[in-house]
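Peer 1: Okay, here's the structure, questions in a sec.
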Amino acid sequence: MTSDLISDLAQLRFDNRFVEALPADPDDSNSRRQVYGACYSRVKPTPVKAPQLVAYAREVAELLDLAPEACETDTFTQVFTGNRLLPGMDPHANCYGGHQFGHWAGQLGDGRAINLGQVLNRRGEHWTLQLKGAGPTPYSRSADGLAVLRSSVREFLCSEAMHHLGVPTTRALSLTLTGEQVVRDMFYDGNPQPEPGAVVCRVAQSFTRFGSFEIYAARGEHELLKRFTDYTLRADFPHLGEPGKAAYLAMFEDVCRSTAQMIAHWMRVGFVHGVMNTDNLSILGQTIDYGPYGWLEDFDPNWTPNTTDAQGRRYRYGNQPQIALWNLAQLGNALYPLIDEVEPLQAALDSYREEYQTCRQRDTAAKLGLTQLQNDDLWVEELHKVLQLTETDMTIFYRLLADFDPRLDTDTDERSDAELIEPLQPAYYQPLKPDQQKRTAQWLRDYRERLQRDRILHGTDDSTRRARMNATNPKYVLRNYLAQQAIDRAEQGDFTEIHNLLELLRHPYDEQPGKEDYFAKRPEWARHKAGCSMLSCSS
Ligand code: AMP
Ligand code: MG
């Protein structure tokens, strides 16, 4: 099977079309600066003392045609911590800007990401290899260009978990330790501590962000904006035809739709990105830049994992669909100089709403095991209220709802409220009060009726319903405290929990006998523990 895969890294083929097609910053020093008239700056990763491989993702290696043996060599560890370059690599950091928390922030850029090059695999796909945490670049501003183990474990595991959940995302090839210490003030309380330094090699077909377009528009560099957009069209949207106004608009609509699909997936699985700035949104509609993200445990639309966002809660779970639209409007503004007409841009933005609605309706139906929603808005709204009556674990609730016995063959259901709710008990953080129990049971009675209607209209039997639900409601997600436990052990030099989670999350929809401990509510000790509930941007 693996014999035709590459086992010698030197055989990886690079086709660095990004750097070849686009203008480079003529300054090749590594001083922090504003970079004008260029899309990237050439920069070398900073060598590190004692690189050590923590984990790699074999599926990502396979995208690059790499055999597992290639990932277990010293060369692999050296290359993916930035100590050595392979023939054909052309390392560089990209220039981009962005709106942060609703405000234009000017030039940001790859401050701690270095693109090594673009692998051309045997299927003809280009995959960019990008080290995160391999040292400063011209875009590092006041920071060090480094990353610590805890945030790198979180990025590595979550990228892969999201992929296996069916959520579009950048990928992660490897997680390595640098053997060096990095100082971070994790709580921003004037108490900086040394932490182990780490590097993740991220992999994507493109790392272009909304902010990549915004920077040229904001600076009035319209020629460069056009050149960059033309490159993006040809490289990342080849199906949209030759550059021109129609193709620019088609590209924008494509981004609107793929972003809508991504957000619907986030809402389906309970993912909260935490920092949806325009520099953190990919034009491919992929989840990118895993920072202070989190997973909803208790179903609370107002929850945000990001301590920096605790006041305004701009990036809270329930606000993500709105924010994506706001970000798309900024991208539309950036593309305006190429299009020079408002209406078609507005129409493309409308396609975001339409696509989001379609995806959300389809997912909501599937989450409940229904063929489709039909005048169910109020009833679905009531479910969302029921989920907020008391702290209710979203993942466990939906997964257990599949086990609810609707007794489709009986006309009258004599079960008491308590009996109806019994199978859902493990989803509740506190016992239900009588009025909460009553309202939940009423919703379940309505659910039973709704399922009977689905059987009459569409012939849905109960095993079909359950299969549908279990294919869309994951059993295992990267709960915040699970990631933290893996981090705590990794900081002691024990990587087994990282490997356990990587394996578990390869099959998030499957029943995995013996793994039930991972299908459990957040324990009480994790409620306020750093890393388990709220996270700072310090990483
Ligand atoms: P983020 O909020 O993580 O997306 O980062 C915003 C900007 O800050 C991007 O330009 C990052 O590359 C940059 N940045 C974040 N952390 C660091 C760091 N440790 N060193 C240098 N630049 C950083
Ligand atoms: Mg970012």
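Peer 1: Just want the answer: with Cβ charges of +1 for Lys and Arg and -1 for Asp and Glu, which residue in F397, Q436, Y447 is farthest toward the dipole's positive end in the stretch 377-470?
Peer 2: Highest projection toward the positive end goes to F397.
Peer 1: Now, a different point. Straight-line reach from K521: which lysines have a Cα under 25 Å away, not including same-chain ones fewer than 8 places off?
Peer 2: K367, K385, K433, K438, K475, K529
Peer 1: Between T412 and Q485, what FRET efficiency follows from the Cβ-Cβ distance if R0 is 45 Å, with the result rounded to 0.05?
Peer 2: 0.40
Peer 1: Compute the signed sum of charges (Lys and Arg +1, Asp and Glu -1) over the other residues within less than 14 Å, Cβ to Cβ, of E297.
Peer 2: Within the 14 Å Cβ shell, the charges total +1.
Peer 1: Please give the calculated 222 nm ellipticity per residue for the chain, where each DSSP H segment of at least 4 residues contributes -39500 (n - 2.57) and the sum is spread over every residue; nearest 500 deg cm²/dmol?
Peer 2: -12000 deg cm²/dmol, from helical runs alone.
Peer 1: List every residue whose amide H lies under 5 Å from the amide H of R13, counting only residues 5 or more places away in sequence or on a different chain, with H placed 1.01 Å from N in the peptide plane.
Peer 2: Correct list: L120.
Peer 1: Which whole-number percent gives the relative contact order of the chain, counting Cα pairs below 8 Å spaced six or more residues apart?
Peer 2: For the chain, the relative contact order is 14 percent.
Peer 1: OK, next. Could you give the length gained by full extension between Q442 and A471, i.e. 0.36 nm per residue of separation minus their alpha carbon distance, to one decimal place?
Peer 2: Details: separation 29, 0.36 × 29 = 10.44 nm, distance 2.59 nm.
Additional length available on full extension: 7.8 nm.
Peer 1: Any idea what % of Cα-Cα pairs in the chain are farther than 37 Å?
Peer 2: The proportion of pairs with Cα distances above 37 Å equals 33 percent.
Peer 1: Above 20 angstrom, tally the Cα pairs of the stretch 133-200 and express them as a % of all pairs, no decimals. Kindly include the intermediate steps, with their values, before the conclusion.
Peer 2: On the way: 876 of 2278 pairs.
That fraction is 38 percent.
Peer 1: Moving on. Starting from the Cα-Cα distance between D510 and D4, subtract it from 0.36 nm times their residue separation and give me the gain in nm to one decimal.
Peer 2: Numbers: separation 506, 0.36 × 506 = 182.16 nm, distance 3.04 nm.
That works out to 179.1 nm of additional length.
Peer 1: Rounded to whole Hz and in sequence order, give me ³J(HN,Hα) for the stretch 179-194 from the Karplus expression 6.51 cos²θ - 1.76 cosθ + 1.60, θ = phi - 60°, writing x for Gly and Pro.
Peer 2: Listing the rounded values in order: x, 10, 9, 10, 8, 9, 9, 4, 9, 6, 10, x, 10, x, 9, x Hz.
Peer 1: Starting from the Cα-Cα distance between H222 and L373, subtract it from 0.36 nm times their residue separation and give me the gain in nm to one decimal.
Peer 2: Extra length from H222 to L373 when fully extended: 49.8 nm.
Peer 1: Under a point-charge model restricted to the Cβ atoms of Lys and Arg (+1) and Asp and Glu (-1), what is the dipole moment magnitude of the chain relative to its Cα centre, in debye to the nearest 20?
Peer 2: In total the dipole reaches around 660 debye.
Peer 1: Extent of the stretch 209-331 along each principal axis, from alpha carbon coordinates, in Å, largest to smallest?
Peer 2: Here the Cα extents, ordered largest to smallest, are 48, 29, 20 Å.
Peer 1: Could you tell me whether the stretch 305-401 comes out rounded, prolate or oblate from its Cα gyration tensor? Rule is a ≥ b ≥ c as square roots of the eigenvalues, rounded for a/c under 1.5, then prolate if a/b exceeds b/c, otherwise oblate.
Peer 2: oblate
Peer 1: Also, quick follow-up: Using the Cβ atoms and a cut-off under 10 Å, what net charge is assigned to the surroundings of Q442, where Lys and Arg are +1 and Asp and Glu are -1?
Peer 2: Values: positive: K438, R439, R445; negative: E382, D417, D446.
Value of the local net charge: 0.
Peer 1: If you don't mind, there's one more thing I want to ask. Can you list the HN-Hα couplings for the stretch 335-348, worked out from phi with the Karplus curve (6.51, -1.76, 1.60; θ = phi - 60°), rounded to whole Hz and with x for Gly and Pro?
Peer 2: Each residue of the stretch 335-348 in turn: 7, 3, x, 8, 10, 6, 8, 7, 4, x, 5, 4, 5, 5 Hz.
Peer 1: Which ³J(HN,Hα) values, rounded to whole Hz and listed in residue order, are derived for the stretch 58-65 from phi using the Karplus coefficients 6.51, -1.76 and 1.60 in 6.51 cos²θ - 1.76 cosθ + 1.60 with θ = phi - 60°, glycine and proline given as x?
Peer 2: Listing the rounded values in order: 5, 5, 6, 4, 5, 4, 8, 6 Hz.
Peer 1: Order these peptides, 162-169, 174-181, 112-119, 15-22, by their mean beta-carbon neighbour count within 10 angstrom, highest first.
Peer 2: Listed from highest to lowest mean packing, they are 112-119, 174-181, 162-169, 15-22.
Peer 1: Can you give me the three principal axis dimensions of the stretch 377-470 from its C-alpha atoms, in Å, biggest first?
Peer 2: Rounded to whole Å, the extents work out to 37, 27, 24 Å.
Peer 1: How do H273, H458 stack up against each other in accessible area, from largest to smallest, with a 1.4 angstrom probe?
Peer 2: H458, H273
Peer 1: Given contacts defined as C-alpha pairs under 8 Å and at least six residues apart, what's the relative contact order of the stretch 377-470, whole-number percent?
Peer 2: Relative contact order comes out at 39 percent.
Peer 1: Given the options Q361, Y336, P523, identify the residue whose Cα lies farthest towards the positive end of the charge dipole of the chain (+1 on Cβ of Lys, Arg; -1 on Cβ of Asp, Glu).
Peer 2: The listed residue farthest towards the positive side: Y336.
Peer 1: Tally the DSSP beta bridges in the chain and give the antiparallel ones as a percent, rounded to 5.
Peer 2: 90
Peer 1: Could you order M186, M276 by accessible surface area, starting with the largest, using a probe radius of 1.4 Å?
Peer 2: M186, M276
Peer 1: Please calculate the 1.4 Å probe accessible area of S31, with all protein chains present, and give it to the nearest 10 Å².
Peer 2: Using a 1.4 Å probe on the heavy atoms, I get roughly 60 Å².
Peer 1: Just how far, in whole angstrom, is the stretch 135-150 from the stretch 192-269 if you go by their alpha carbon centroids?
Peer 2: Cα centroid to Cα centroid, the span is 22 Å.
Peer 1: Report the calculated FRET efficiency for Q261 and V380 (r = Cβ-Cβ distance, R0 = 22 Å), to the nearest 0.05.
Peer 2: It comes to 0.65.
The values are calculated or read from the model by the stated rules, or taken from the named source; none is laboratory data. Computed from a predicted structure; not experimentally measured. A quick note on method: Cβ atoms are made from the backbone with ideal geometry, for glycine too, and the neighbour counts reach across all protein chains shown. Ligands, DNA and RNA are stripped out before the accessible areas are found, and what is left, the full protein with its side chains, is counted by its heavy atoms. Shrake-Rupley method; radii C 1.70, N 1.55, O 1.52, S 1.80 Å.
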